[in-house]
Amino acid sequence: MANYSLQDLVEWDERIREKVAEFGLDCYPQEFELCDHNGMLGYMAYSGMPSHYPHWSYGKSYEKLKTLYDHGVSGLPYEMVINSNPALAYLMRDNTLLLQVLTIAHVYGHNDFFKRNFTYSSTHAEYTIELFKAHALRVRRYVEDPSIGIEKVEHILDAAHALSLQRRRNLAIRKLTQAEQVQRALETARPPDDPFKRIHQARPYVEPNIRKVPYEPEEDVLLFIRDHNPFLQEWEKDILTIVDEESKYFIPMIETKIMNEGWASYWHKRILESLGLEQGLRLEFIVRHNQVVRPIPGQLNPYHLGLRIWEDLHRRYTNPTPEEIKRDGPPNKTGDEKIFEAREVERDVSFVRRYLTEDLMRDMDIFQYEPRGEDLVVSKVSDEEGWRAVKENLLRNIGMATIPVIKIEDADFGQNRTLYVKHYHDGRDLHLEYAEKTLAYLYRLWGRECVLETTVQGKRSLLCFNDRGFSAKALK
Amino acid sequence: MPLVESIFREYRPSDAERSDRSAGDRLRHRQKVRELIRENISDIIAEESIIGKDKDRIIKVPLRGIKEYRFVYGENAPGVGQGDGNSKPGQVVGKTGRDGQGQGQDRAGDRPGVDYYETDVTLEELIEIMFEDLELPDMERRALREIEAERSSKRKGYRKVGIRVRLDKRRTAKQRIMRKLASHHNDRVESGEKEKDRFPFHDDDLKYRHVETEMRKESNAVVICVMDTSGSMDTMKKYLARSFFFLLYQFITTRYRNVEIVFIGHHTEASEVTEEEFFHKGESGGTFISSGYLKALEIIQQRYHPSLWNIYAFHCSDGDNFDSDNPAALRAAKELSEVCNLFGYGEIKPLGSRYYESSMLNVFRRLDAPNFQTVLIERKEDIWPSFKAFLAKEKSQ
């Protein structure tokens with residue numbers, strides 16, 4: 001143990017919490033747990049959850065983390081926070097006092113973000129721990145059930161994991177049921193009452209095909225299969241539900257990585273600067289802080305990007321340059337008001353789109369690269385003509401935009417119960433080896449032929465997987 | 001604003017020790033890796049590094065990790081990065097297909113990285129994996145070879161009946177508690193309070209450790225390695241031969257208790273040599289294959305009588321025999337196959353070597369013995385398949 005006691009941490013925490021209240025951060029009650037590096041590796045492998053269902057992939061990720069750690073390739077995070085109420089955070093006990101103080105402040109930043117950002121409102125923080133525990137119990141029970149056993153459970157889990165992120169992204173929009181979709185279609189199909197119908201030509205009534213399942217393309221792949229494959233057993237359906245619920249919980253994290261890390265870094269900085277640290281701690285703070293938020297050449301460090309945007313946003317509303325006033329008008333809010341508003345209503349894509357300015361991009365030297373032969377080559381930089389393109393591309397590389405959109409179009413394609421899914425191509429091709437293997441997993445869950453429509457090098461193609469295995473053909 | 005509440009939980013080493021929560025998942029992952037090793041065994045044993053006899057040596061096996069497939073974007077998707085302030089179009093920032101290059105941490109895991117990692121496996125473990133699903137051909141064995149002598153016992157599961165010494169007290173007690181809890185309700189209703197504190201063990205509670213005994217044939221086996229050491233056998237050919245002998249020896253060792261190994265090198269004359277000489281000493285001259293076989297027969301006569309020994313003989317050569325020796329070789333091979341459990345001939349012709357060379361494969365085709373097998377080894381990747389083919393000889397008939 002380092003040169004401080006738990007009591008020291010409690011006292012520092014007290015001071016930090018005063019600052020948290022003073023700055024107006026709104027947090028869940030907070031629990032800190034001290035752990036050693038093995039504990040931390042364990043928590044990391046299971047996304048921080050104190051209990052989690054077993055699956056070999058977590059063993060793999062533990063081994064990988066441990067290998068990297070043992071070989072000194074990567075260090076361990078200073079902390080880990082879980083979005084739950086009360087929020088749960090793990091602190092590494094080997095850290096220095098300053099690191100602990102910085103981490104505690106950082107944790108409150110995350111905590112506030114979890115509580116107030118809109119994307120997390122669907123996660124039910126008060127049940128998080130219980131939810132994961134219940135999942136673990138259920139899966140364990142299936143594993144122990146002699147008529148099921150680990151092989152079968154893994155068989156389903158492997159497939160479900162492969163498809164877990166193929167689900168609806170924006171959880172703030174309510175999903176219509178099949179009946180509501182049909183209802184809406186029927187309503188829009190009927191021509192509106194036209195006061196001038198004597199002179200207008202009547203719009204012909206096109207009867208919607210209300211038998212089609214799903215009526216509108218469906219993004220929740222696991223749930224759809226659960227509800228529409230009659231051959232699944234109850235425990236198999238339950239596993240699909242469990243996997244889907246977990247990815248639903250993690251989607252907000254994926255969606256707000258930049259904002260969230262930036263926000264926490266922004267606040268640990270402001271809090272520590274306001275604590276009046278003595279000289280020694282202060283120097284260490286500067287070093288540590290810069291380690292965390294440093295730019296990594298050739299990559300984008302979300303801590304760095306996020307922090308820069310938050311700081312820039314705050315500055316533009318507190319202390320704008322004359323050009324900015326000329327361009328955007330004088331600020332109508334204080335900097336604090338603005339950032340608190342943004343942390344509530346934005347997610348990474350909207351946040352970066354709205355608040356990453358051309359100047360900031362140029363300042364950070366953000367560029368776009370493309371593969372050319374063996375090399376990755378810078379194709380555009382953030383200059384006058386390129387910055388928009390670079391930004392658009394950046395937007396496609398953050399949050400859930402990194403996951404291809406795949407929707408179920410028809411569950412009875414060719415009246416044959418073939419599952420027809422379509423990749424909504426946005427210029428980026430699928431990785432074909434991965435698509436093939438994932439399609440096999442889809443087939444495993446659906447039990448009948450699965451067809452994926454996608455575009456490969458500009459050509460529309462169909463990838464099929466059925467009892468004879470994989471095949472691909474070009475369309476038209 | 002009121003202060004948020006917070007609590008701190010102190011680190012307790014005892015907790016940390018107890019909560020190795022990923023142990024089960026790691027084990028399962030390890031099993032998956034093992035399967036992967038088995039699938040790629042022919043690549044792995046083609047690696048030179050494993051040939052050698054030190055069983056405890058740890059070898060590093062490079063493996064493509066077990067991939068977790070998802071729908072992900074492929075190579076044509078441009079990425080975004082940050083430079084040092086002077087980035088210019090056309091500048092090279094990395095290589096394609098290299099993990100972690102070019103993408104920020106926010107992108108981790110959404111693109112296929114090349115998941116190479118090395119696993120440590122002891123040679124013994126590897127041998128175990130290799131031979132797990134191989135069996136010696138079930139040959140006619142002579143009575144003396146059949147004595148079952150060695151027993152090894154392995155614990156395997158639990159049974160309801162058994163002998164007293166194998167009673168598992170812990171499980172038995174647990175079973176009783178479970179039954180007690182399960183019957184608690186009825187108990188109270190039926191027999192009143194006084195029965196409550198006496199709850200005896202029942203026969204059904206008893207759990208015995210089950211032990212399975214494994215019989216091994218108490219028998220001696222001898223592996224006779226015959227190799228052509230004539231001038232035409234170069235290092236590459238010897239290396240291929242050596243790999244094959246290595247596998248054969250290791251495999252036989254797993255099936256018999258005493259295994260001896262005899263090395264016979266031959267050119268126009270044959271002699272028994274040490275292992276060192278066998279693999280490293282280059283000789284020159286022509287080839288009389290029959291000389292090697294006759295030497296082997298002679299050694300068998302003297303030291304390894306077929307009624308007492310299981311004999312496995314294997315001969316590696318590049319097939320470049322003097323034509324005049326062929327009938328003699330065929331005769332000797334026939335004789336040898338009569339005394340051996342298994343006798344094999346491996347012709348080593350690395351790809352690109354001179355194909356117009358004569359081949360013994362045609363000659364041996366005329367030898368009709370159930371326990372004789374010829375294999376052709378062209379590359380190091382062929383070793384494992386041919387080894388399996390060699391052992392599968394009997395089964396295929």
- Message: What would the Debye equation give as log₁₀ I(q)/I(0) for the protein assembly as shown at q = 0.06, 0.10 Å⁻¹, counting only Cα atoms as equal point scatterers?
- Response: -0.62, -1.21
- Between B:R9 and residues 5 or more places away or on another chain, the pairs with built amide H atoms under 5 Å apart involve A:F32, A:E33, A:L34
- Note on the structure: Sorted by chain and number, the residues with a modelled amide H under 5 Å from that of A:S382, at a separation of 5 or more or across chains, are A:I366
- Compactness of segment A:45-203, expressed as Rg and Dmax over alpha-carbon positions, Å: 24.5, 83
- Note on the structure: Out of A:I150, A:N416, A:N83 - ranked by how far each Cα lies towards the positive end of the dipole of the protein assembly as shown, with unit charges on the beta-carbon of charged residues - the top one is A:N416
- For segment A:165-317, the charge dipole (Cβ of Lys, Arg +1; Cβ of Asp, Glu -1; about the Cα centre) points to a positive end, and the Cα of A:G306, A:W235, A:Q201 closest to that extreme belongs to A:Q201
- Task: For segment A:29-137, build the convex hull from the C-alpha positions and give me its volume per residue in Å³.
- Result: 107
- Note on the structure: Ordered by fewest other Cβ atoms within 10 Å, a rough proxy for footprinting exposure, A:T455, A:T438, A:T188, A:T402 read A:T188, A:T455, A:T402, A:T438
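Would you mind classifying segment A:236-390 by shape? Square roots of the alpha carbon gyration tensor eigenvalues, ordered a ≥ b ≥ c; an a/c under 1.5 is rounded, otherwise it is prolate if a/b is larger than b/c and oblate if not.
rounded
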- Query: When we measure straight from the Cα of A:K19, which lysines land under 17 angstrom away, once same-chain ones fewer than 8 places off are left out?
  - Reply: A:K269
- Note on the structure: So for R0 = 25 Å, FRET eff. of A:I286-A:D94 from the Cβ-Cβ r, to 0.05, ends up at 0.75
- Item | Long-range HN-HN contacts of B:K95 with modeled amide H, under 5 Å | A:L376
- May I ask you to give the average projected area over all directions of the convex hull of the Cα atoms of segment A:217-265, in nm² rounded to one decimal? 4.3
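Per Stokes-Einstein, at 37 °C and 0.692 mPa s, what whole-number D in µm² s⁻¹ belongs to segment A:404-474, with the Kirkwood radius over Cα pairs as the hydrodynamic radius?
Estimated via Stokes-Einstein, D reaches 273 µm²/s.
For a 18 Å ceiling on Cα separation, which of these pairs sit above it: A:K257/A:K333; A:K175/A:K407; A:K212/A:K459?
Cα-Cα > 18 Å for A:K257/A:K333; A:K212/A:K459; rest within.
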- Where q = 0.07, 0.10, 0.13 Å⁻¹, what log10 of I(q)/I(0) comes from the Debye formula for chain A, counting one point per Cα? -0.47, -0.93, -1.38
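Any read-out appearing in this document is the output of simple, stated calculations on the displayed coordinates, not a laboratory observation. Just so it is clear, the model here is predicted, and its values are computed rather than measured. Please note: Cβ atoms are built from the backbone with ideal geometry, for glycine as well, and neighbour counts cover all protein chains shown.
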